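Heads up, the thing below is written out as structure tokens.
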Amino acid sequence: ALLLAEAGVDLIALEMCEEIEFSLAATEAALETGLPVWLGMSAKTHEGCQSLSVFDSAELDFLSLVERMTQLPVAMINIMHTPIADIDESLDIVQTYWDGPIGIYPESGHFTMPNWQFVDIIEPQDLVDLARGWVARGVRLLGGCCGLGPSHIEALREEFGSK
């Protein structure tokens, strides 16, 4: 983090924060630079689980992660690399514990070893339609992760770029 700060970056964006202890250590190190820190957490509904989990592990509870990580003085919380079907529940959880800026950049497709399968990708206009609801709920940053491409970002920019 200090090397990045010394190199002149404007902010530090941490992504895929899933394990609380590791995420705390990484975030605290980033905060020590004095730069703004954006914290990215991903969620997913795993088969057989009663509650939303982190993306890569059904055993790690998303709510517990959010509850702990939102206590840190970060500049923004991003819900990232999260299936579109899980965005609204993830946003509900984040907004329960965080009243600062929120970003959303979902993924579309699925992972089957050894590669991502980019099938049944959301259409750009359908993403814009969903994003209208997220923006109405206070989301400030929109983007795309795995499976979403330039046409998705262009559609978001056309809809929200001048607002």
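Just to be sure I follow: if Rg is taken over the C-alpha atoms of the chain and Rh is the Kirkwood radius over the same atoms, what is Rg/Rh? Each step should come with its number before you reach the end.
Numbers: Rg = 15.8 Å, Rh = 16.4 Å.
Using only Cα positions, Rg/Rh for the chain is 0.96.
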Q. Once phi is turned into ³J(HN,Hα) by the Karplus curve 6.51 cos²θ - 1.76 cosθ + 1.60 with θ = phi - 60°, what whole-Hz value does each residue of segment 22-34 show in order, with x for glycine and proline?
A. 5, 5, 4, 4, 5, 5, 4, 5, 5, 5, 4, 6, x
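Let me check against my output: what whole-number percent is the relative contact order of the chain, with C-alpha pairs under 8 Å and at least 6 apart?
On the way: 267 pairs, mean separation 27.1, N = 163.
Worked out over the chain, it gives 17 percent.
Pop the C-beta distance of Glu158 and Glu32 into the FRET formula with R0 = 35 Å and round what comes out to the nearest 0.05. Kindly include the intermediate steps, with their values, before the conclusion.
Values: r = 39 Å, r/R0 = 1.12.
That pair, Glu158 with Glu32, gives E of 0.35.
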Q. Whose amide H sits under 5 Å from the amide H of Ala13, counting only residues 5 or more places off or on another chain, with H placed in the peptide plane?
A. Trp38
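Return the percentage of antiparallel bridges among DSSP beta bridges fully within the chain, rounded to the nearest 5 %.
Working: 7 of 22 bridges.
Once the DSSP bridges in the chain are tallied, antiparallel ones form about 30 percent.
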Q) What is segment 67-163 by shape, rounded, prolate or oblate, if you read a ≥ b ≥ c off the alpha carbon gyration tensor as root eigenvalues and call it rounded for a/c under 1.5, prolate for a/b larger than b/c, and oblate otherwise? A) oblate
Q) How large is ³J(HN,Hα) for each residue in segment 126-134, as worked out from phi by the Karplus curve 6.51 cos²θ - 1.76 cosθ + 1.60 (θ = phi - 60°), to whole Hz, x for Gly and Pro? A) 5, 5, 4, 4, 5, 4, 4, x, 5
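What's the extension gain from Arg140 to Glu47 if we count 0.36 nm per residue and subtract their Cα-Cα distance? Don't skip to the answer; put the middle values down first.
Numbers: separation 93, 0.36 × 93 = 33.48 nm, distance 3.07 nm.
Length gained, Arg140 through Glu47: 30.4 nm.
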Q: Please sort 61-68, 1-8, 134-141 by packing, taking for each peptide the average over its residues of neighbouring beta carbons within 10 angstrom, highest first.
A: 61-68, 134-141, 1-8
Q: Order the peptides 37-47, 16-26 from the highest to the lowest mean number of other Cβ atoms within 10 Å of their residues.
A: 37-47, 16-26
Q. Near Cys145, within a Cβ-to-Cβ distance under 11 Å, what is the net charge of the other residues, with Lys and Arg +1 and Asp and Glu -1?
A. -2
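So if we plug the beta-carbon distance of Ala7 and Ser151 into 1/(1 + (r/R0)^6) with R0 = 35 Å, what FRET efficiency do we get, rounded to 0.05? Present the calculation step by step, with values, prior to reporting the outcome.
Numbers: r = 33 Å, r/R0 = 0.93.
According to the calculation, E is roughly 0.60.
Kindly state, to the nearest 0.05, the FRET efficiency for Tyr97 paired with Gln117, given R0 = 25 Å and r defined as their beta-carbon distance. Write down the numbers at each step before the final one.
Working: r = 33 Å, r/R0 = 1.32.
Using R0 = 25 Å, I get an efficiency of 0.15.
Rule-based calculations on the coordinates, nothing more; no lab input. Note that the structure is a prediction, hence the values are computed from the model and not measured. Methodologically, a virtual Cβ is constructed for each residue, glycine included, from the backbone with ideal geometry; neighbour enumeration extends over all protein chains shown.
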